[in-house]
Structures are given as C-alpha cells and as structure tokens.
C-alpha cells in the first residue's frame, strides 16, 4: 500500500505495468494508447509514443486525485512490464461504436 502522506508527484507510471496499443481516434486516424493495467481507467493517448507516454504521468496523478492513493496496489519489485497489443481491429471498432450508439439511444 502507498503512503498517503507522500506528495502525488512521488508516484510514477513506471511503478506499474502498461499496455500499449494503436487505436482509432474520432477523426478517422489512429493514435497510441498507453494504459496502466492495475488502475482501471488510467489511460493516455497521443499522436506518437512520446506524447502518449508523457501523458501517462498526468493520467496517473488525475487517477490518484480522483480515487486516492490508498487505492493504489502494491508495487512489485523487479522489472517493469510493457504489453504490446496489436492494432485495434475493425471488428473491435464496430463493436465499440455499436455499444456507444446503444448508450446514446438509451440516454436520449
């Protein structure tokens, strides 16, 4: 468990494992997504790997502000894991879009 008395800047994305994947964006292009696997919803996007990785620090700090440092999992000593996923397929994109459409129809 993390120490809640530490400043938020102490916590680094390198404390966790990441998934990296190229995904479509709303403009019909693709971008890079970095996700911290242990923290649900802690993601960053960028036009390139450098931008997405830099945004991960801010995403982590925002996650901690929203959820609290007390919910951070234990940090494993040892190597830092990065999982590289294949590009999002057109079937996955279609599924996500249909789910979003369904949510929109329910809320309308």
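The table below gives the values:
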item: Lone qualifier among 74, 99, 85, 105 - being closer than 14 Å to residue 19 by Cβ, modelled with pLDDT under 95 and loosely packed, with under 15 Cβ neighbours inside 10 Å; result: 85
item: Residue 64 being at pLDDT below 90, surrounded by 11 or more Cβ atoms within 10 Å (Cβ to Cβ) and part of a helix (DSSP H, G or I); result: no
item: Residues located in the range 77-108, provided they are more than 19 Å from the chain's Cα centre (by Cα) and not in a helix (DSSP H, G or I); result: 77, 78, 79, 108
item: Residue within the range 2-16 that is surrounded by fewer than 14 Cβ atoms within 10 Å (Cβ to Cβ) and either modelled with pLDDT of 95 or more or touching a helix residue (DSSP H, G or I) at 6+ places or on another chain (Cβ under 6 Å) (or both) present; result: yes
item: Qualifying residue in the range 23-30 (condition: exposed (fewer than 15 other Cβ atoms within 10 Å of the Cβ) and in contact (Cβ under 8 Å) with a residue 60 or more places away in the chain); result: no
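The values are calculated or read from the model by the stated rules, or taken from the named source; none is laboratory data. The structure displayed is predicted, hence computed values, not measured ones. Glycine gets a Cβ as well: all are built from the backbone with ideal geometry, and neighbour counts include every protein chain shown.
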